[in-house]
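The values are calculated or read from the model by the stated rules, or taken from the named source; none is laboratory data. Keep in mind the model is a prediction, meaning the values are calculated, not measured. When we count neighbours, we look across all protein chains shown, and the Cβ atoms used for this are built from the backbone with ideal geometry, even at glycine.
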Amino acid sequence: MKKLRKDSKFSSLTDAQRDSLAELMLSGKAGLEEVKEWLGKKGVKVSLQSISEYYRNHVLPSKWRRMNRVATALNKVPDAAATDAAHRAVAQKVFELSTDPKADPKLLSEFYKLMLAGQKQAVDERKLALLEAKAKAADAAQEALRQDGLTPEEREQKIREIFGLV
């Protein structure tokens, strides 16, 4: 990222104003003309080319550094926790969109489908874990039945222990 020159018209903005400018530019809700108008209200008169260069040299690198920090932090999170966090984030977005009267119904529908898919995946994972535990218990019971030297009562007791019926 290039350092902001002292004679740059953008250097007359406060840090908070530059943060607001970056937020405006990254929101996708304002084009170059709207940014130029916003800057004009702050007393900064610049060309569209200057705004574009500022975006390329200062706003985008800042965004990329932030994305890199987030990606690094996410890489340190265990997969199960990341998946759970992603499901919660989608559910939160569904809630926010459902309470926003200006929300795009198609976007709400897509997020809702994602939320339902995540819930279904969680249920399927739980079912798989239960089936695996059940199969493991059945294998252990089969092994108990094949053990020599156990009386029928001892085999029954061992099977009860395996299935948690004691």
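List of remarks:
- L60 being assigned to a helix (DSSP H, G or I), modelled with pLDDT under 90 and more than 30 Å from E125 (Cβ to Cβ): yes
- Hits in region 16-31 (condition: among the hydrophobic types (A, V, I, L, M, F, W, C) and in a loop (DSSP other than H, G, I, E, B)): A30
- Residues of region 90-142 that are touching a helix residue (DSSP H, G or I) at 6+ places or on another chain (Cβ under 9 Å) and not in a helix (DSSP H, G or I): D100, A103, D104.
- Within region 137-154, residues that are touching a residue at least 24 places away in the same chain (Cβ under 8 Å) have Cβ atoms under 9 Å from residues that are assigned to a helix (DSSP H, G or I) in these pairs: A137/I162, counting only partners at least 6 apart in sequence or on another chain.
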